[in-house]
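The structure under discussion appears below in the form of structure tokens.
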Amino acid sequence: SSGINAEYGVELSKKREQVPDLAPLLWHSFGTISALLQEIIAIYPLITPPQLTATQSNSVCNALALLQCVASHPDTRSYFLQANIPLFLYPFLHTTSKQRQFEYLRLTSLGVVGALVKPDDKEVIQFLLNTEIIPLLLRIMEHGSELSKTVATFILQKILLDDHGLSYICYTFERFKSVTSVLQSMVDCLQREPSGRLLKHVVRCYLRLSENPRAKEALNRNLMPSQLKDGTIIQMVKADDNSTRRWIQMLQRNLSNAPKTASQF
């Protein structure tokens, strides 16, 4: 029953840190992954209209924490993708309710995807691009809580740092513009509500985009936030955050070195 599953989930969740090979045990033990997926599917009807209680959200988030464990383990990551398990979390990333239990659900789901992208695995990036996660990330980057925005922007950054991910986003002007318009609104928002962590990921995304010739040309034309162009963004960087300062300087250098006959979209 779901009650037994929930208690089992809490206990296993607590054991995550203590058992180094919990992921293969979860994956290869009979019925465990099915039980976790049932826990997730059971709350789909409560998403729209939003009827999810805090207790139900906690229970699903325990199941998600165990799936994160499977997603982050090198021996089970590939199986996790082949079984299309991330797709079971996309309905949670689609939610827009500002209620705390929904925010927790989105954040924990993003945590599973964040665990997948952390080790720079091309198979993971290909999977995410094929399943069109980028519009979901962009919506959270624009409307989520600070923590959700930070994790979603980190995932986008990891996609961009992959060569295939960068060329995918820069393949059409529409794709590129959908990303830069959200990054631009985030820079504007960061001026009003500063966040060092979030700014770091936003700057890194711009720096990576500037490494694509067509994107560089478009950024130089009119798609670069004025705060980055004129350097006023430096005032938003924490005193001890040397890497973000260095990235801003590299970005400005990249843009000033644009060739006269640049590639265009």
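Here are some notes:
- The fraction of all Cα pairs in segment 123-202 landing in successive 10 Å bins from 0 to the largest distance is 19, 54, 24, 3, given as whole percents.
- Helix 100-117 vs. the chain, principal-axis angle (Cα, 0 to 90°, nearest 10): 70
- Heavy-atom accessible surface of the chain: percent carbon and sulfur, 1.4 Å: 53
- Under a model in which nothing but the beta-carbon of Lys, Arg (+1) and Asp, Glu (-1) is charged, the chain shows a dipole of about 900 debye around its Cα centre.
- Too-long pairs where the Cα-Cα distance tops 20 Å, listed order kept, from 200/229; 158/238; 158/229: 158/238; 158/229
- Highest-MSF residue in the chain out of 95, 108, 48 [GNM, Cα springs under 10 Å]: 48
- Rh by Kirkwood over Cα pairs, then Stokes-Einstein D for segment 106-166 at 1.567 mPa s and 4 °C, µm²/s: 114
- Computed over the chain, the percent of Cα pairs more than 28 Å apart is 40.
- Separation of the residue 147 and residue 96 label points, Cα + 7 Å toward Cβ, nm: 2.3
- Pairwise Cα inverse-distance average, inverted: Kirkwood Rh of segment 53-191 (Å): 15.4
- Probe 1.4 Å, protein heavy atoms only - accessible area per residue of the chain in square angstrom: 49
- Cα gyration tensor shape of segment 176-265, rounded if a/c is under 1.5, else prolate or oblate by comparing a/b with b/c: prolate
- Total formal charge among the other residues, if their Cβ is under 13 angstrom from that of residue 244, Lys/Arg +1 and Asp/Glu -1: +4
- Crossing angle, helix 242-256 versus the chain [Cα axis fit, 0-90 degrees, rounded to tens]: 50
The values are calculated or read from the model by the stated rules, or taken from the named source; none is laboratory data. What you see is a predicted model; the values in this text were computed from it and never measured. Here Cβ is always computed from backbone atoms with ideal geometry, including for glycine, and neighbour counts include all displayed protein chains. Note: areas computed on protein heavy atoms with side chains; ligands, DNA, RNA excluded. Shrake-Rupley method; radii C 1.70, N 1.55, O 1.52, S 1.80 Å.
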